[in-house]
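The block underneath contains the structure these notes are about, expressed in structure tokens.
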Amino acid sequence: MENNIFIKALELGSKHPNGILYANLKEGISEVLDEELNRHAEFNFLQWLVENFSNPALPSQSGRNTFFNDAKAVLSGRKVDSGYQIRYDEVMHSPFILKGSAIKQYVDYIELKESREQAFKANRTAIISIVIAMITLLASVIIPLFDEPPPIPPFDVKVIESKVQSQKLENEIKKLKNELKKAELTISIYESDTMKN
């Protein structure tokens, strides 16, 4: 749709609110074409142009057929009456001003184009979101398969004894027992001395 000569003409017309000459308009639309318009295509374009653009040199609605006959004669390349050529040149050298209805059509086209672009972006974002959600879901299912299995009730408690730690505790207990015996001996000696006195 980007290479459409009618869309390009509407774009050029909207950029020139005071009007654009036919030669400039034709030059602008030739940028989107790989080839020149043939006489039939140019005549068709000219008919569309007259419907969508106003031109102060154009005859009234009743005289338009005469203008189109003049234009067809000039565009055909055959030798024409100088009156045809003068009337045709007068219109072609006057500015074509975009009509309100054509501006609305162009604005509608721009809005539709932007809506399609936004819909495409939203669709792409939705697809990416779905893919991320699926990857997350798969990861939450697959990752636990490689983890160590949880303990099964009743839970086994494994006590790992350190021999060094046990030896220290046994030595401490022996030392405390010896101290306790000494204390008992001292108490018994003290009691026997107090009883004697």
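What follows draws every value from the coordinates through simple rules; no lab data is involved. Keep in mind the model is a prediction, meaning the values are calculated, not measured. In this analysis, Cβ positions are derived from the backbone assuming ideal geometry, glycine residues included, and neighbour counts consider all displayed protein chains.
Sorted into 5 angstrom bins from 0, the C-alpha pair distances of the range 94-174 split as 3, 10, 7, 7, 6, 6, 7, 6, 6, 5, 5, 5, 4, 4, 4, 3, 3, 3, 2, 2, 2, 1, 1, 0, 0 percent.
Summing +1 for each Lys or Arg and -1 for each Asp or Glu, what net charge is found among the other residues whose Cβ lies under 14 Å from the Cβ of I189? Taking every Cβ under 14 Å from that of I189, the sum is 0.
Taking N as the residue count of the chain, its C-alpha radius of gyration divided by 2.2 N^0.38 Å amounts to 3.06. Relative to the longest principal axis of the Cα atoms of the chain, helix 5-15 runs at roughly 80 degrees.
With an a/c value of 1.5 or above and a/b not larger than b/c for the gyration tensor axes a ≥ b ≥ c computed over the alpha-carbon atoms, the range 1-96 is described as oblate. Please report the net charge: other residues with Cβ closer than 13 Å to the Cβ of K175, K and R +1, D and E -1. Computed value for this residue: +2. Comparing P153, P17, P144 in a Gaussian network model of the chain where C-alpha atoms under 10 Å apart are linked, the largest mean-square fluctuation is found at P153.
Here the ratio of the Cα radius of gyration of the range 77-130 to 2.2 N^0.38 Å is 2.29. Karplus-based coupling profile of the range 171-182, in residue order and whole Hz: 4, 5, 5, 4, 5, 5, 5, 4, 5, 5, 4, 4, with θ = phi - 60° in 6.51 cos²θ - 1.76 cosθ + 1.60 and x standing for Gly or Pro.
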